[in-house]
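> Pasting a structure here, questions to come.
The values are calculated or read from the model by the stated rules, or taken from the named source; none is laboratory data. Since the model is a prediction, treat every value here as computed from it, not as a measurement. A quick note on method: Cβ atoms are made from the backbone with ideal geometry, for glycine too, and the neighbour counts reach across all protein chains shown.
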Amino acid sequence: MKNDQITFVVDGQEKYYPLGTFVETYHQSLLQIEKEQKVITALNIDGVPLRNIQDYNGSWSDISKIEIDTKPIQELISESIQDAQEYLPRLYEALISVSDSIQRGFEGEAMIVLQQIVEGLEWFSAYVQGITHYGAKYGATVDQSDTIHELVNIYNNLTEAMESRDFVWIADITAYELAPFVERWITITDQLLNVA
């Protein structure tokens, strides 16, 4: 490779392009990925993993190699549904245990579990968004705007309750808002598993 070229590696296939065509080449790659009904699962710029291209804070002219890994959307959805089938019942049980622990006066124990729940909610949120966005093709009938809006509201309330250390509110949110939401998604996931 010459210094005036950039290496694009998409799913292990390596191609070389002139540096001046970086933006155009990147956008063409994205269009091809979308056309093939795939999604990006990994992005590395010069060996540094990034969540998306906007996270890159260097100069475009300094990039020597971009690596992109993709997966077919249907495969990613199927994997996500299988993961959710295993994870969501555990999340539901953890939510109920937080509420029970608080009611028994074990707030410290509840907060430890709640921290783990909050970390899992990021994955759950991505799952909900993915299924509501792509799921219609696979038999999901979920109103995206209401679902995402509801989850964001619950999460914001939970965050506020945690910041104010209002344990009664935390117990109420976990048992009466978030647990039923997760339970609804357990049912949706079971239905999707039969379709996917």
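> Out of the residues in the stretch 36-71 meeting the condition of being over 16 Å from the mean Cα position of the chain (by Cα) and closer than 24 Å to LEU192 by Cα, tell me which one is modelled with the lowest pLDDT.
GLN37
Rundown of residues vs (1) outside the structural domain of TRP185 (by TED's automatic domain parsing); (2) surrounded by 12 or more Cβ atoms within 10 Å (Cβ to Cβ); (3) among the basic types (Lys, Arg), yes/no style:
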position	(1), (2), (3)
ASP11	yes, yes, no
LYS15	yes, yes, yes
PHE22	yes, yes, no
ASP62	yes, no, no
GLU67	yes, yes, no
LEU114	no, yes, no
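> With the requirement that a residue be farther than 17 Å from ARG184 by Cα and hydrophobic (A, V, I, L, M, F, W, C), what does the stretch 118-132 give you?
If the condition is that a residue be farther than 17 Å from ARG184 by Cα and hydrophobic (A, V, I, L, M, F, W, C), then VAL118 is the only one that fits.
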